[in-house]
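The values are calculated or read from the model by the stated rules, or taken from the named source; none is laboratory data. Note that the coordinates shown come from a computational prediction; the quantities given were computed from them, not determined experimentally. No Cβ is skipped: glycine too gets one built from the backbone with ideal geometry, and neighbour counts run over all protein chains shown.
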């Protein structure tokens with residue numbers, strides 16, 4: 001990864017503590033310029049990745065989207081929503097859970113996040 005293309009980051013979960021809107025906060029935002037030199041925020045949820053946690057991650061995604069509605073400067077960026085696994089991934093492609101994630105724009109990336 002070319003670290004010169006990093007353009008910012010936020011520990012969202014820590015940042016919203018005490019604001020009253022942290023029932024189910026998303027974890028991180030990482031800004032990285034793509035090959036077209038456009039900044040893209042990779043909204044990254046770090047969580048164990050099994051089908052039992054899909055609804056929890058989608059609840060956090062709804063929270064994030066609501067938060068971004070109140071933060072137009074952040075919402076203006078092109079966004080990617082990714083689930084970074086803390087261990088093995090137990091969500092099989094094609095299962096109802098995998099399809100539910102895809103429908104909501106969440107990509108399970110395994111244990112390594114490639115920003116390109």
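I'm checking my understanding of the structure. Among residues of segment 31-54 that are farther than 24 Å from residue 6 by Cβ and at pLDDT below 95, which one is surrounded by the fewest Cβ atoms within 10 Å (Cβ to Cβ)?
Going residue by residue through segment 31-54, those that are farther than 24 Å from residue 6 by Cβ are 48-54.
From what's left, at pLDDT below 95: 48-53.
Working: 48: 14, 49: 23, 50: 14, 51: 15, 52: 10, 53: 18.
Checked segment 31-54; the qualifying residue surrounded by the fewest Cβ atoms within 10 Å (Cβ to Cβ) is 52.
Which ones in segment 1-15 are assigned to a loop (DSSP other than H, G, I, E, B) and farther than 27 Å from residue 91 by Cβ?
Passing the criteria: only 2.
May I ask you to list the residues in segment 67-101 that are closer than 22 Å to residue 31 by Cβ, in a helix (DSSP H, G or I) and free of Cβ contacts under 8 Å to residues at least 24 places away in the same chain?
Hits for segment 67-101 are 68, 69, 72, 73, 75.
Filter segment 32-48 down to residues that are more than 13 Å from the chain's Cα centre (by Cα) and in a strand (DSSP E or B) and give me whichever is nearest to residue 75 (Cα to Cα).
As a first pass, look at segment 32-48 and keep what is more than 13 Å from the chain's Cα centre (by Cα): 32-39, 48.
Filter once more, keeping what is in a strand (DSSP E or B): 32-33, 39, 48.
Working: 32: 15, 33: 16, 39: 12, 48: 26 Å.
Only one residue tops the list, namely 39.
If you check 90, 67, which single one turns out to be surrounded by 13 or more Cβ atoms within 10 Å (Cβ to Cβ), touching a helix residue (DSSP H, G or I) at 6+ places or on another chain (Cβ under 8 Å) and within 18 Å of residue 108 (Cα to Cα)? Full working, then the answer.
Values: 67 fails: within 18 Å of residue 108 (Cα to Cα).
After ruling out the rest, the residue left standing is 90.
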